[in-house]
């Protein structure tokens, strides 16, 4: 089973009609993904992995914003927060940096969804490869990730 098939199979469980878009263009950065999809950079739902006191946490936020580590620390009650290295990201999510999908993860972890995405009716998350995207509404994103909304930017 390919990564795209794995993610699509996960999505199909929810009966929401969600479909992955596969692109020839590289979508490994927010800017490249926005250009390939013809949308604003803010509509790209970037998925980042942080280690909060060495425990993994997935954060999904608008592509035009930066996560504020102080807000993330406070939200998690952590003393130290840092970005995970690419090898750790691949191991715990199953996806490469540039294609991290916020669902169907290798390991269960807390998923935080930043409120900044609410500006848009639809955002586009990576679907496991640097040539894919998943259009979702905020309600759909919360349901399929079982994420918690937070103010992190």
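Remarks
- Restricting attention to segment 130-153 and to residues that are part of a loop (DSSP other than H, G, I, E, B) and in contact with a helix residue (DSSP H, G or I) (Cβ under 8 Å, 6 or more places away or on another chain), the residue that is surrounded by the fewest Cβ atoms within 10 Å (Cβ to Cβ) turns out to be 151.
- Residues located in segment 5-24, provided they are crowded, with 17+ Cβ neighbours inside 10 Å and in contact with a strand residue (DSSP E or B) (Cβ under 6 Å, 6 or more places away or on another chain): 20
- Checked against the criteria, residue 46 counts as closer than 17 Å to residue 130 by Cβ, surrounded by 15 or more Cβ atoms within 10 Å (Cβ to Cβ) and modelled with pLDDT of 95 or more.
- Meets criteria (surrounded by fewer than 19 Cβ atoms within 10 Å (Cβ to Cβ), touching a residue at least 40 places away in the same chain (Cβ under 8 Å) and either more than 17 Å from the chain's Cα centre (by Cα) or on the phi > 0 side of the Ramachandran plot (or both)) for residue 1: no
The values are calculated or read from the model by the stated rules, or taken from the named source; none is laboratory data. Note that this is a predicted model, so its numbers are computed, not measured. Ideal geometry is used to build each Cβ from the backbone, glycine not excepted, and the neighbour counts take in all protein chains shown.
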